[in-house]
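**Q** Before anything else, here's the structure in question.
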Amino acid sequence: MDLTRAAAEALDDADPLAGFRSRFAGASDDGPDRLLYLDGNSLGRLPVATSAALARVVEEQWGEGLVGSWASWIGEATRIGDVLADGVLGARPGEVLVGDSTSVNLYKLLMAGVDARPGRDVLVCTADDFPTDRYIVGGVADSRGMTVREIAADIDEGLDPAVLAEALDERVAVVVLSHVAYRSGALADVVAITRLVQASGALVLWDLSHSVGAVPVELGAAGADLAVGCTYKYLNGGPGAPAFLYVRRELQDQLRSPIRGWFGHRDQFAMGPSYDPAAGIERFGVGTPPVLAMAAVEVGAALIAEAGVARLAVKGRAVTDLMVALADEWLAPSGVALASPRQAGRRGSHVTFAHPAAWQLTQALIDRRVVPDFRTPERVRLGPAPLYTRFVDVWDAMDRFRTVLDERAFEGYPAERARVT
Ligand SMILES: *Cc1c(COP(=O)(O)O)cnc(C)c1O
């Protein structure tokens with residue numbers, strides 16, 4: 001690979017997604033000291049169209065329409081769910097609902113899945129999954145008198161399906177897995193693993209938080225049962241944007257939400273004496289949805305759909321390949337080790353590096369206007385979101401990273417971690 005800056009510029013010139021950069025606030029700065037934002041997998045950038053979309057909901061729908069606007073707001077969770085289903089998730093209309101947080105949606109679908117597999121008393125997850133996922137699996141198990149089988153997954157290379165196969169038997173009710181591992185970016189084979197889990201009679205619940213909007217998620221083609229995911233990462237829905245949940249159509253009427261909210265009722269405004277779940281995906285609704293925040297989700301989801309997930313995945317592999325190649329050349333001699341799968345086809349759109357002073361390196365990079373994440377243990381995570389990150393942005397970020405190492409600039413930063421990393 002040609003590792004010159006000119007070669008990176010040539011890749012940008014040939015990038016079919018290049019035009020999307022100007023659709024994001026602050027992303028078009030070309031200056032030498034510009035912010036190099038490599039954290040789109042933690043909080044995506046602000047789409048330019050979002051401010052006007054929010055202003056419309058605030059001023060027209062709320063300000064003028066007042067309570068009458070509920071006539072349209074009432075359908076937003078399924079309407080925007082369908083935008084995600086069709087444009088991003090490879091699912092059918094009526095299979096995706098927007099609302100609540102990823103954590104709450106995971107809880108709802110996990111409880112529903114457990115109830116749909118009576119007599120089975122084991123939940124499976126990986127020991128290295130995102131904390132909220134593991135905590136919720138543990139909490140559901142405790143409340144139902146079940147056991148958790150936490151299976152080993154290599155923190156850099158991800159889950160080996162053979163290890164999962166060993167853990168599956170007739171006692172397993174639900175398996176919870178991440179499509180892309182939050183720390184390393186390791187990509188799980190949704191098709192093969194879904195088939196494996198279903199063959200054991202269990203349900204599989206995918207967490208798509210770190211894959212949606214960056215790599216293809218073909219829920220329908222994979223025959224996936226259940227899924228949840230964030231909208232504030234690669235989907236650019238904004239801080240605290242509501243999450244989504246997916247339930248395969250054929251399963252919907254067999255599953256019941258553990259939270260019997262009125263937004264999941266068949267005839268909500270009958271205000272009837274007892275709970276009667278709606279037909280279809282709407283039964284997984286709970287309470288009044290965050291209408292303002294959903295308007296931002298729609299803008300983000302529509303942008304991803306417009307760019308096309310297949311093209312985003314191609315670009316994601318190429319920018320992360322460049323990052324890995326530059327790290328091999330410039331950072332490895334200073335003790336920075338790749339902590340992600342080396343093969344682009346085996347990872348999502350972020351790359352993680354291990355170094356004993358990772359937290360200090362993170363602070364030094366932020367001071368030099370490169371924004372990564374620190375992740376335990378001793379890792380710097382870089383997420384070049386393919387929709388708005390250029391090859392030269394990656395080149396310049398790695399150049400600043402190399403300078404921080406060569407000048408040992410990181411040694412001047414405190415080793416003690418901040419509250420938010
Ligand atoms: C980001 C992320 C979450 C976040 O859940 P919230 O409820 O939105 O805080 C959950 N799971 C995974 C795998 C994530 O990457």
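Any read-out appearing in this document is the output of simple, stated calculations on the displayed coordinates, not a laboratory observation. Only a predicted model underlies this, so the values are computations on that prediction, with no experimental measurement involved. Here the Cβ positions follow ideal geometry from the backbone for every residue, glycine too, while neighbour counts run over all protein chains shown.
**Q** Of the conditions (1) away from the ligand (no atom under 16 Å from the Cβ); (2) in contact with a Leu (Cβ under 6 Å, 6 or more places away or on another chain); (3) closer than 21 Å to Gly75 by Cβ, Glu282 satisfies every one except a single condition; which number is it?
**A** Condition (2) is where Glu282 drops out.
**Q** Now for a separate question. Out of all the residues in the stretch 220-235, which are touching a strand residue (DSSP E or B) at 6+ places or on another chain (Cβ under 9 Å), among the aliphatic types (A, V, I, L, M) and more than 9 Å from the ligand (Cβ to nearest atom)?
**A** Step one: list which residues in the stretch 220-235 are touching a strand residue (DSSP E or B) at 6+ places or on another chain (Cβ under 9 Å), which gives 222, 224-231, 233-235.
Add one more test, that the residue is among the aliphatic types (A, V, I, L, M), and what stays is 222, 224, 226-228, 235.
Passing the criteria: Ala222, Ala224, Leu226, Ala227, Leu235.
**Q** Kindly establish whether Phe353 is of a type outside the set (Val, Ile, Thr) and farther than 25 Å from Asp129 by Cβ.
**A** Values: of a type outside the set (Val, Ile, Thr): yes; farther than 25 Å from Asp129 by Cβ: no.
Against the criterion (of a type outside the set (Val, Ile, Thr) and farther than 25 Å from Asp129 by Cβ), Phe353 does not qualify.
**Q** From the list Val319, Val228, Val286, which one is touching a residue at least 40 places away in the same chain (Cβ under 8 Å), within 19 Å of the chain's Cα centre (by Cα) and not in a helix (DSSP H, G or I)?
**A** Numbers: Val319 fails: not in a helix (DSSP H, G or I); Val286 fails: within 19 Å of the chain's Cα centre (by Cα).
Just a single option satisfies the conditions, and that option is Val228.
**Q** Could you run through the stretch 175-219 and say how many residues are away from the ligand (no atom under 11 Å from the Cβ), over 17 Å from Leu235 (Cα atoms) and assigned to a loop (DSSP other than H, G, I, E, B)?
**A** So the answer is 6.
**Q** If you take the residues in the stretch 236-264 that are out of contact with any strand residue (DSSP E or B) (no Cβ under 8 Å at 6 or more places or on another chain) and among the aliphatic types (A, V, I, L, M), which one is farthest from the ligand (Cβ to nearest atom)?
**A** Restricting to residues being out of contact with any strand residue (DSSP E or B) (no Cβ under 8 Å at 6 or more places or on another chain) and among the aliphatic types (A, V, I, L, M), the top hit is Ile259.
**Q** Another question, then. Looking at this structure, is Glu250 at negative phi, among the acidic types (Asp, Glu) and free of Cβ contacts under 8 Å to residues at least 60 places away in the same chain? It would help to see each step written out before you state the result.
**A** Details: at negative phi: yes; among the acidic types (Asp, Glu): yes; free of Cβ contacts under 8 Å to residues at least 60 places away in the same chain: yes.
In short, yes.
**Q** Of the residues in the stretch 351-391, how many are touching a strand residue (DSSP E or B) at 6+ places or on another chain (Cβ under 7 Å), of a type in the set (A, V, I, L, M), closer than 15 Å to Val336 by Cβ and outside any helix (DSSP H, G or I)?
**A** Residues that pass the stated criteria total 5.
**Q** Search the stretch 125-146 for residues being outside any helix (DSSP H, G or I) and not small (Gly, Ala, Ser), and hand back the single one that is farthest from the ligand (Cβ to nearest atom).
**A** So in the stretch 125-146, the residues outside any helix (DSSP H, G or I) come out as 125-130, 145-146.
Right, trim to not small (Gly, Ala, Ser) and you get 125-126, 128-130, 146.
Values: Cys125: 11, Thr126: 11, Asp128: 11, Asp129: 7, Phe130: 3, Met146: 21 Å.
By that ranking, first place goes to Met146.
Residues are listed down the side, and each one gets a yes or a no for (1) in contact (Cβ under 8 Å) with a residue 60 or more places away in the chain; (2) part of a loop (DSSP other than H, G, I, E, B); (3) of a type in the set (Asp, Glu); (4) crowded, with 16+ Cβ neighbours inside 10 Å:
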{"position": "Ala55", "(1), (2), (3), (4)": "no, no, no, no"}
{"position": "Trp70", "(1), (2), (3), (4)": "no, no, no, no"}
{"position": "Asp82", "(1), (2), (3), (4)": "no, no, yes, yes"}
{"position": "Leu97", "(1), (2), (3), (4)": "yes, no, no, yes"}
{"position": "Gly119", "(1), (2), (3), (4)": "no, yes, no, no"}
